[in-house]
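Comments concern the structure below.
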Amino acid sequence: MMGGAHLYETMLASPCESTTTNFSEHYSPEKCSAALFIFGDSFFDAGNNNYINTTTLDQANFWPYGETFFRFPTGRFSDGRLIPDFVAEYANLPLISPFLQPGFRHYNDGVNFASSGAGALVETFQGSVIDLKTQLRNYKKVEGWLRHKVGSVGAEVTLSKAVYLFSIGTNDYMSIFLTNSTVLTTFSHSQYVHMVIGNLTAVLKEIYTLGGRKFGFMNLPEFGCSPGIRITKQDTDGSCIKEASTLTKLHNQALSKLLMKLEKQLKGFKYSLYDLSSNLRHRMNHPSKFGFKEGKTACCGTSKFRGVFSCGGKRLGIKKYNLCDNPNEYVFWDSYHLTENAYKQLALQMWTGTGISHSVGPYTLKDLFEAH
């Protein structure tokens, strides 16, 4: 455990810090990558929920989470690394630390604000997560710290060069199917999507006002096809939940329109939008094409598709759970989240733009990091 923890601390060290006494010779600001600020949910949360008052439904700080790469649970909902971890590596950055990690104050490389279970709406899993507006408030604290530390001009350079990465929205819709929500009796599908997109828009405009210019997004996966949602309808044969897929499509269309609109409205606004929905669906339906053996059943959990969210034996009062021998052979790690191997493939597509046609656009994440 000590060895793993020491390795983790080493990986968090900044590549922009000189390791020799001859500082001026070995340090150049130009060599430092743009910072990476991360917002969102459990696809991106690197451990913020370890430090809030919540339940194990929104935490992954217990075994076997983290079993492969870190060899101890960090709070990431996977067997290893997540998409932002790979993006940071490709950008020559260290692992980006969770904002709430005790003692963490080295904000120059970026900060991870994401919280498992979070949505764009404050009401989504309210009281158990750090919602997007609160993540924005935390970002403003970091922005204030940067201005205090390096001055207004230095902070503006850092914030305008930085890349802002988002994974948000899935929980706003998934919560409807996991709780006894009546929200869709009050609002139509399109009205509800409009509310979610509206909250996201407000946050993006605020970050832009504070100096942010480069934004990375994934559209929403078809969460109605995840093992955990497939099993919620007892009267189906394990097929995807159609209403969930409808909401996903509406959201993704609205997100695409929003980003094109902001690019026209806001001077210097650049974005990368990755088609997670299509690329994940291809891996689920044709796992062997991508080096997987199993695309629909999770590595860790219980029941059909291992869709009962029992991985780790600390949820839902279920202590026993099944665990596969090799997570690399699976697309899904647990009932809702992916394996490190799946995340790595997706992150590489986001970085390079490879994959099925129109996977990423108009910029790749690599383009954004290199843009001035």
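The values are calculated or read from the model by the stated rules, or taken from the named source; none is laboratory data. Please read these numbers as outputs of a predicted model, since none were measured by experiment. Counting neighbours? That spans all protein chains shown, and the Cβs are built from the backbone with ideal geometry, glycine included. SASA here: full protein model, heavy atoms, side chains in, ligands and nucleic acids out. Shrake-Rupley method; radii C 1.70, N 1.55, O 1.52, S 1.80 Å.
Taking Cα atoms, how many degrees apart are the long axis of helix 2-12 and the longest axis of the chain, rounded to 10 and kept between 0 and 90?
60
With a cut-off of 20 Å, note down the residues of the range 315-345 whose backbone N falls inside the zone around a label point 7 Å from the Cα of THR179 toward its beta carbon.
315-317, 336-337
Once neighbouring chains are kept in place and the probe is 1.4 Å, which whole percent of the accessible area of the range 277-352 is contributed by carbon and sulfur? Show your work: numbers first, answer last.
Values: 1540 of 3260 Å².
Answer for the range 277-352: carbon and sulfur cover 47 percent of the accessible area.
Using a 1.4 angstrom probe on the protein heavy atoms only, could you order PHE69, PHE62 from most to least accessible area? List each step's numbers first, then the result.
Working: PHE69 60, PHE62 10 Å².
Largest accessible area first, the list is PHE69, PHE62.
For helix 276-285, report the angle its Cα long axis makes with the longest principal axis of the Cα atoms of the chain; keep it between 0 and 90° and round to the nearest 10°.
40
With r as the distance between the Cβ atoms of ASN53 and PHE104 and R0 = 25 Å, compute the FRET efficiency 1/(1 + (r/R0)^6) and round to 0.05. Write down the numbers at each step before the final one.
On the way: r = 19 Å, r/R0 = 0.77.
Efficiency, from the Cβ-Cβ distance: 0.85.
Per the helix-only calculation at 222 nm, which mean residue ellipticity applies to the chain, given -39500 (n - 2.57) for every DSSP H run of n ≥ 4 and division by its residues, nearest 500 deg cm²/dmol?
Values: 12 runs with 144 residues, N = 372.
My calculation for the chain gives -12000 deg cm²/dmol from helical runs alone.
Can you work out ³J(HN,Hα) from phi for every residue in the range 115-129, in order, using Karplus 6.51 cos²θ - 1.76 cosθ + 1.60 and θ = phi - 60°, giving whole Hz and x for Gly and Pro?
9, 4, x, 6, x, 6, 8, 4, 6, 5, 6, 4, x, 10, 9
With the other protein chains left in place, how much accessible area per residue, in square angstrom, belongs to the chain at a 1.4 angstrom probe? The partial results should precede the final answer.
On the way: 16190 Å² over 372 residues.
In whole numbers, the chain has 44 Å² accessible per residue.
Please report the carbon-and-sulfur percent of the accessible area for the range 118-264; probe 1.4 Å, protein heavy atoms only, DNA, RNA and ligands left out.
Numbers: 3360 of 6390 Å².
Answer for the range 118-264 is 53 percent, counting heavy atoms of protein chains only.
What percentages, rounded to whole numbers, describe P(r) for the chain computed over all alpha carbon pairs with 20 Å bin width beginning at zero?
Calculated over all Cα pairs of the chain, the distribution is 30, 60, 10, 0 percent.
What is the distance, in nm, between label points placed 7 Å from the Cα along the Cα-to-Cβ direction at THR352 and at ASP325?
Taking the simple label geometry, THR352 and ASP325 are separated by 3.0 nm.
Using a simple spin-label model with points 7 Å from Cα along the Cα→Cβ vector, what separation in nm is obtained for LYS257 and THR232?
Calculated label separation equals 2.5 nm.
Evaluate E = 1/(1 + (r/R0)^6) for THR186 and LYS140, where r is the Cβ-Cβ distance and R0 equals 22 Å; express this FRET efficiency to the nearest 0.05.
Values: r = 32 Å, r/R0 = 1.44.
That gives a FRET efficiency of 0.10.
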